[in-house]
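Notes follow the structure.
The values are calculated or read from the model by the stated rules, or taken from the named source; none is laboratory data. All values reported here derive from a predicted model rather than from experimental measurement. Counting neighbours? That spans all protein chains shown, and the Cβs are built from the backbone with ideal geometry, glycine included.
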């Protein structure tokens with residue numbers, strides 16, 4: 001290294017370095033502070049200038065103009081190299097802020113994947129570093145390029161599968177066919193995207209298993225995105241009913257069952273279509289939409305369970321492959337008559353009616369036996385009432401929606417008790433909802449049969465009136481509650 005030599009202007013440069021560097025650091029610090037408070041991405045670029053570019057620049061000025069070291073020595077060359085690399089890095093950071101960080105939505109700049117931006121920055125840094133090596137150190141770029149070219153061929157052949165995945169990943173990231181949180185079907189694989197990286201996509205399946213799918217495999221398969229353009233999922237299934245059942249009645253029952261199933265959306269509305277006439281049954285296609293694909297199995301279970309109860313209540317015959325499911329009407333009538341007798345015997349006010357066979361025969365004509373699954377609504381608040389429901393087995397809960405829109409439980413109705421009387425006798429819509437607590441079996445006694453009961457047993461009307469009064473008070477108190 002050459003000896004130190006001083007000139008007449010070394011004091012000027014020493015003053016510039018000694019005073020200018022602290023002043024610039026303080027000034028940049030204040031600017032960075034205000035930009036960070038306003039959330040401006042330019043602050044990150046100024047931090048690079050303050051902590052890297054400015055100190056190296058001052059060191060280079062000190063070496064060249066104050067200490068007068070020979071610029072061809074190794075140490076000044078190292079400082080110059082570090083300075084130009086830091087300038088390149090700061091310039092790339094500024095370019096990134098201008099082009100991408102402040103890009104407006106739905107533009108090519110906003111859709112540019114971070115992986116491609118990082119790779120582009122790395123490439124530009126390497127090119128800039130090569131230019132600095134040639135300018136500062138006098139390196140032979142032609143020989144370096146030849147060596148890198150041969151090495152790149154060897155590395156490319158060794159890593160062609162990995163590089164193929166990377167290039168496929170870059171193409172997918174540019175196209176953006178899906179994002180984290182979307183539910184996908186890729187070939188035979190189905191799951192939710194939990195991570196997208198430079199080589200693969202990680203999916204979480206309904207069985208809670210993580211599957212790693214390389215981008216190269218994704219690029220060769222058809223991708224079904226269940227979350228775009230809307231985050232709703234379409235589900236279809238086929239159900240068979242007997243030829244004895246009118247198709248319009250089946251469609252009505254299946255539609256109401258779908259709308260009453262938790263998790264199935266009312267908009268778009270479920271659709272029921274008659275698809276084929278098989279050898280032993282008419283096949284109907286049920287199509288509905290759900291919002292969360294991960295809940296599809298639970299929603300299907302709820303829907304298919306309720307279909308059975310709805311079919312039983314509406315005397316629909318579900319198709320079974322091996323055995324006939326037809327039930328003779330006489331057997332159903334005998335069952336209803338027997339159940340009616342047992343139910344009336346269990347309610348003190350109805351016991352006189354149950355003693356005479358003629359009463360039971362007359363009442364059975366206006367009575368049907370129905371079953372409801374746990375959680376199903378037997379009566380909804382606001383529905384008209386035209387029947388009295390006598391519980392044969394199970395329990396039901398009475399709920400009311402208060403002025404705040406909250407559904408509150410009023411009471412529980414046990415086996416042997418009845419409900420539906422408030423809407424039936426008032427002629428107004430039901431003030432409450434009735435839902436099955438567990439599997440519920442009820443006898444539905446329609447208004448004509450109820451009127452016959454009261455005519456033959458006048459005291460029954462008074463007892464029902466007392467029950468209506470007591471339940472109305474409980475419902476009124478619950479409806480006025482604030483919580």
- request: Go through 130, 134, 158 for me and flag whichever is modelled with pLDDT under 65 and at negative phi.
  value: 158
- prompt: Considering only the stretch 420-452, how many residues are within 41 Å of the chain's Cα centre (by Cα) and not in a helix (DSSP H, G or I)?
  reply: 18
- prompt: In the stretch 242-254, is there at least one residue being in a helix (DSSP H, G or I), out of contact with any helix residue (DSSP H, G or I) (no Cβ under 8 Å at 6 or more places or on another chain), outside the structural domain of residue 367 (by TED's automatic domain parsing) and free of Cβ contacts under 8 Å to residues at least 24 places away in the same chain?
  reply: yes
query: Which ones in the stretch 380-400 are surrounded by fewer than 18 Cβ atoms within 10 Å (Cβ to Cβ) and more than 18 Å from residue 428 (Cα to Cα)?
result: 393, 395, 397
message: Condition first: in a loop (DSSP other than H, G, I, E, B) and either farther than 23 Å from residue 296 by Cα or more than 18 Å from the chain's Cα centre (by Cα) (or both). Now tell me which residues in the stretch 189-234 satisfy that.
response: 197, 198, 199, 219, 220, 221, 222
task: Being surrounded by fewer than 16 Cβ atoms within 10 Å (Cβ to Cβ) and either in a helix (DSSP H, G or I) or not assigned by TED's automatic domain parsing to the domain that holds residue 95 (or both) is the filter here, so list the residues in the stretch 38-54 that pass it.
output: 51
task: Give the stretch 1-17 a look and list any residue that's surrounded by 13 or more Cβ atoms within 10 Å (Cβ to Cβ) and either touching a strand residue (DSSP E or B) at 6+ places or on another chain (Cβ under 7 Å) or at pLDDT 70 or above (or both), or say none.
output: 13, 14, 16, 17
message: Restricting to the stretch 218-241, give me the number of residues that are farther than 18 Å from residue 182 by Cα, surrounded by fewer than 16 Cβ atoms within 10 Å (Cβ to Cβ) and in contact (Cβ under 8 Å) with a residue 12 or more places away in the chain.
response: 3
field: Hits in the stretch 357-382 - residues which are more than 20 Å from residue 441 (Cβ to Cβ) and modelled with pLDDT of 85 or more
entry: 381, 382
query: What single numbered condition from (1) modelled with pLDDT of 75 or more; (2) at negative phi; (3) exposed (fewer than 12 other Cβ atoms within 10 Å of the Cβ) fails to hold for residue 175?
result: (1)
query: In this structure, does residue 403 turn out to be surrounded by fewer than 16 Cβ atoms within 10 Å (Cβ to Cβ) and either touching a strand residue (DSSP E or B) at 6+ places or on another chain (Cβ under 6 Å) or assigned to a helix (DSSP H, G or I) (or both)?
result: no
